[in-house]
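Any read-out appearing in this document is the output of simple, stated calculations on the displayed coordinates, not a laboratory observation. It should be emphasised that the depicted structure is a prediction, and the values quoted were computed from it without experimental measurement. Here the Cβ positions follow ideal geometry from the backbone for every residue, glycine too, while neighbour counts run over all protein chains shown.
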Amino acid sequence: MVRDYHILVLEDEPATRAMLATLLEAEGFRVSTAELGSQASELTANYNFDLIILDLNLPDEDGLYIARELRAKSDIGIIMLTSRKEDIDRVVGLEMGADDYVTKPFFPRELVARVKNLLRRLSMPRGGRRTDGVNGYDIRRFDGWEMDLAKRSLTDPTGREVNLTRAEFDLLTALVNSAGRVLSRDQLLDAIGSQFWTPVDRTIDVLVSRLRRKMETDPKAPTIIITSHGYGYKFAPAVANG
Ligand code: CA
């Protein structure tokens, strides 16, 4: 499966860039590299990449801006490379569409595992997942919201469609299908098709934080997705299936 994937590495630091390229090529991936945001834009305009490893701090452009631009036009997998705690806060807090992030310095094996994980997640057919359409009912309604599992759409109480990334939608589906029950981070990772897990994994927390920004009136005082400290999350509203 690995052979068919084309990965773009955007990193201005020569040693890290070369290391990533060597590492991914050794795994059988086709790899292209760029050191500037402008080069990456040119490459993504001309080639179809499955995934980009994107350094947050680039000399010419902000990695977050690049991620947002890419996400607006494609389903490309985005793994952000960050170097500091403040970076992580920016990545988590902003609405920029990265699927995952890795903090420098990273273990090569961890990065490869995350790449494979994300590619696997992206290649899962839409609508074919086990959490979809339980009992043949595809619609979920709660507090004026409507979720269509077959169309993979979410509509807010004013009738406006809310754009969710693949992973956000899968996570919300898992939560909604278990409304009222606390799901562990492990169960939630499983629901989004993620096999790789470490005790410091924040994938689920990042996704929940993004969902809250899109759905909660006050993301700091959530009433829809509730935190169960040290364990996981619970979907609070009552859900009607239809
Ligand atoms: Ca850099």
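Over all pairs of different C-alpha atoms, the range 6-123 has a mean inverse distance whose reciprocal, the Kirkwood radius, equals 14.0 Å. Sorted fewest first by neighbouring Cβ atoms within 10 angstrom, PHE49, PHE107 come out as PHE107, PHE49. Projecting label points 7 angstrom from Cα along Cα→Cβ for ASP186 and THR223 puts them 3.4 nm apart.
In summary, the convex hull built on the alpha carbon positions of the range 134-241 has an orientation-averaged projected area of 6.6 nm². If you run the Gaussian network model on the chain, springs between alpha carbon atoms under 10 Å, then out of MET80, MET19, MET147 the most flexible one is MET19.
Which order results if LYS116, LYS214, LYS220 are arranged by neighbouring Cβ count within 10 Å, fewest first?
LYS220, LYS214, LYS116
Counting neighbouring Cβ atoms within 10 Å and putting the fewest first, the residues ARG181, ARG141 line up as ARG181, ARG141. Axis of helix 63-73 versus longest Cα principal axis of the chain: the two differ by about 60°, to the nearest ten degrees. Distance distribution P(r), the chain, all Cα-Cα pairs, bin width 5 angstrom from 0: 1, 6, 14, 18, 19, 16, 11, 8, 5, 2, 0 percent. Dividing the helix sum by the residues of the chain, where each DSSP H run of 4 or more adds -39500 (n - 2.57), gives a mean residue ellipticity at 222 nm of -11500 deg cm²/dmol. Under a 5 Å amide H cut-off, with hydrogens placed 1.01 Å from N, TYR101 pairs with MET80 among residues at least 5 apart or on other chains.
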